[in-house]
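Let me begin by presenting the structure, written as C-alpha cells, before commenting on it.
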Amino acid sequence: MTEAVPAEIVQILGRTGNRGVIRARCKVLEGRDAGKILIRNILGPTKVGDIVMLVETEIEAADNFGKRR
C-alpha cells in the first residue's frame, strides 16, 4: 500500500455535479512531486489553506467542469 502525500488547497475552482464535489487546485507539500500543483475533486467541506492527503499525485481530475454532453 502506498503512503498518502499532504497537499495544501491553493484555490477553489467551483462545484461540479449534483453531489457537491468541489474542484480545487492543490499544491503537493512532500514527496517526489513536491511543489507540483494539481487539480483535484474533493468531497466534503473545504476552504483555501486546508491540507488534504492525496494517494495519487500523478493523475489530475478530468476536465469536464461545466460541460454538458
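Per-structure values
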| read-out | value |
| --- | --- |
| Top-ranked residue of segment 2-52 - restricted to ones that are outside any strand (DSSP E or B) and among the acidic types (Asp, Glu), ranked as modelled with the highest pLDDT | Asp50 |
| Segment 28-48 - residue that is under 18 Å from Ala62 (Cα atoms) and among the charged types (D, E, K, R) and, of those, surrounded by the most Cβ atoms within 10 Å (Cβ to Cβ) | Arg40 |
| Qualifying residue in segment 59-66 (condition: among the β-branched types (Val, Ile, Thr), in a loop (DSSP other than H, G, I, E, B) and modelled with pLDDT under 90) | yes |
| Ala24 vs. criteria in contact (Cβ under 8 Å) with a residue 12 or more places away in the chain and either of a type in the set (A, V, I, L, M) or over 13 Å from Glu58 (Cα atoms) (or both) | yes |
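The values are calculated or read from the model by the stated rules, or taken from the named source; none is laboratory data. Being a predicted model, the structure only gives us computed values, none of them experimental. Reconstructed Cβ throughout: ideal geometry from the backbone, glycine too, with neighbour counts over all protein chains shown.
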